[in-house]
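Just so it is clear, none of the values below were taken in a lab; they were calculated from the coordinates. Computed from a predicted model, the values in this text were never measured in an experiment. Here Cβ is always computed from backbone atoms with ideal geometry, including for glycine, and neighbour counts include all displayed protein chains.
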Amino acid sequence: MSRWKRRFNINERKEKRKGKNTCTRTDFQECRQDMTDDFLKKVFEHLQSKLEDGESLYRLRACNCDGFMKLKDGNILIEIKGGELNWGYQCTAITELIIGSKLVRDRWNENANEHWIIAKAFTSGQGWDRTLDYPLETHRFIKDAIGFEIHLLQFKDGQLTEIVS
């Protein structure tokens, strides 16, 4: 160790051991009865009803995101927010999708083509009062910068509606 490191009491950085990836996925049909959140269950049941033969919907646990759809033409990673989605919760959801995407890729070697943020409602104020221009511009930046496709969807009255970018 060099003299200046001893003088300022700087130690070598120890390499942290990577913990075991605890991310698990369960077929939605198997875990349907265990789900306690009503909004989450309604969204999953709606998505399950739209799937065709050979497609599957998974509930993810300890993966920072809620679900994963394996479709014939690609995969979709899903983050569901039950309350009103404001700017802060949207940033949290984007972060959870980015981390979850890496966990899914490392664990099952699956790449997500799209990433969905599904919310019950969107609040006004904090950027939302400008007809979603600011958040959608952020989504465009993320898509162009790191190739991360994000869609904002609102689940209301049993229907999914995309907030158009």
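Odds and ends about this structure:
- Förster radius 25 Å - calculated FRET efficiency between residue 114 and residue 41, Cβ distance, rounded to 0.05: 0.65
- Residue 149 sits among other residues whose Cβ lies under 14 Å from its own Cβ, and their net charge, with Lys and Arg +1 and Asp and Glu -1, is -3.
- For the pair residue 151 and residue 11, a Förster radius of 41 Å applied to the C-beta separation gives a FRET efficiency near 0.35, rounded to the nearest 0.05.
- For the peptides 94-107, 35-48, 65-78, the ranking by mean Cβ contacts within 10 Å, running from highest to lowest, is 65-78, 94-107, 35-48.
- Other residues with beta-carbon under 12 Å from the beta-carbon of residue 72 carry, at +1 per Lys or Arg and -1 per Asp or Glu, a net charge of -3.
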